[in-house]
Amino acid sequence: MILKRNLFDKEESYYTVVTVGTFDGVHVGHKKIIDKIVANAKANDLKSTILTFFPHPRMVLQQASDLKLLNTLDEKISILEKTGLDQLIIHPFTKEFSRLTAEEYVKDVLVDSIKAKKVIIGYDHRFGRNRTATIDNLIAFGEKYDFEVEQISVEEINEVSVSSTKIRKALEAGDIHTANTFLGYNYMLTGTIATGKGLGKQIDFPTANIRIEESYKLVPKIGVYVVKSVYNGKEIYGMMNIGFNPTVNGSKKSIEVHFLDFSEDVYGKEIRVELLHRLRDEKRFDSIEDLQKQLVKDKEATQALIATYDAE
């Protein structure tokens with residue numbers, strides 16, 4: 001997959017089939033659109049292309065926006081690389097870019113920069129300054145600038161019935177099963193392993209603290225989760241706590257993973273953790289001993305779930 005981080009890079013360019021969107025989560029609905037542009041590009045000897053933006057437009061245009069995203073930029077690139085897409089363009093979104101008129105956007109971006117021969121887009125797509133132009137305007141511009149527009153109908157979109165908003169709400173409610181089903185893959189958290197207070201090690205449950213640099217990344221509901229990771233090519237399982245460690249009067253939210261049957265030093269290294277199942281809410285225990293007893297139960301529940309995954 002060709003990756004461009006600016007629309008106007010003076011690199012070799014190709015005639016394309018393109019779709020445009022934020023593609024947050026790259027969920028099963030998005031993949032239906034991507035499959036369509038990939039197949040269309042192959043049939044017409046064109047390059048399948050996605051144009052997306054970073055930061056998310058709402059983060060730029062709505063100063064008070066507290067929008068949390070399902071993917072970091074690196075996660076999104078990693079997921080899209082596996083779809084068969086030929087080209088991904090991630091353009092910096094700015095207020096200046098948002099002020100392009102509809103025709104400037106079509107001519108400067110779709111035609112001159114991306115060399116679109118076909119645009120496949122949702123029925124409700126809006127573009128140009130203040131998002132005033134519609135699919136009908138795009139079709140008219142297509143006739144003027146010699147590109148075809150294929151509209152993804154409301155029926156096709158409703159057939160999938162998935163949205164990034166629904167997935168965010170599921171994660172915020174701790175409903176990992178629904179989120180993973182809608183995504184078509186396991187929700188992931190990517191971060192650097194940092195040192196913690198060392199309490200876990202004292203009670204025979206050493207943990208790796210995950211520090212996520214991207215403040216916009218959505219962290220699911222506080223609680224205890226069964227997770228999976230890949231380290232040095234090997235799958236490792238564990239249980240992860242998202243929360244404040246109330247038993248020891250913690251005041252700062254943390255993400256801590258206890259990996260089962262794993263003892264390697266991972267401090268300072270980046271790791272990606274996939275969330276498989278939510279075990280329970282975070283609780284405050286009367287003593288460290290009570291916490292340790294609960295962790296033993298959590299470990300048993302985690303091992304039982306892992307056995308079902310291995311049997312699949």
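Overview of values
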read-out: FRET efficiency, D265 to D74 (Cβ-Cβ, R0 30 Å, nearest 0.05); value: 0.80
read-out: Spatial extent of region 95-200: Rg and Dmax, with the Cα atoms as the point set, Å; value: 20.2, 67
read-out: Under 21 Å from K95, Cα to Cα: lysines that are on another chain or at least 8 residues apart; value: K4, K68, K107
read-out: Taking the C-alpha atoms of region 1-151, convex hull volume expressed per residue in Å³; value: 106 Å³
read-out: Additional length obtainable on full extension of the chain from E148 to A39, 0.36 nm per residue less Cα span; value: 37.7 nm
read-out: Förster radius 30 Å - calculated FRET efficiency between D281 and Q63, Cβ distance, rounded to 0.05; value: 0.35
read-out: Tail fraction, Cα-Cα pairs, region 173-311, threshold 28 Å, whole percent; value: 11 percent
read-out: All-pairs Cα distance distribution in the chain, expressed in whole percent, bin size 20 Å; value: 29, 49, 21, 1
read-out: Around N40: net Lys/Arg minus Asp/Glu count, Cβ-Cβ under 9 Å; value: +2
read-out: Partners for K234 among lysines (Cα-Cα distance below 16 Å; same-chain residues under 8 apart left out); value: K269
read-out: Taking N as its residue count, the alpha carbon Rg of region 242-281 over 2.2 N^0.38 Å; value: 1.40
read-out: Between region 139-153 and region 42-112, the alpha-carbon center distance in angstrom; value: 19 Å
read-out: Packing-based exposure ordering (other Cβ within 10 Å, fewest first) of H177, H30, H277; value: H177, H277, H30
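Since every read-out is calculated from the coordinates, none of them should be taken as a lab result. In this text, all values refer to a predicted model and were calculated from it rather than measured experimentally. Please note: Cβ atoms are built from the backbone with ideal geometry, for glycine as well, and neighbour counts cover all protein chains shown.
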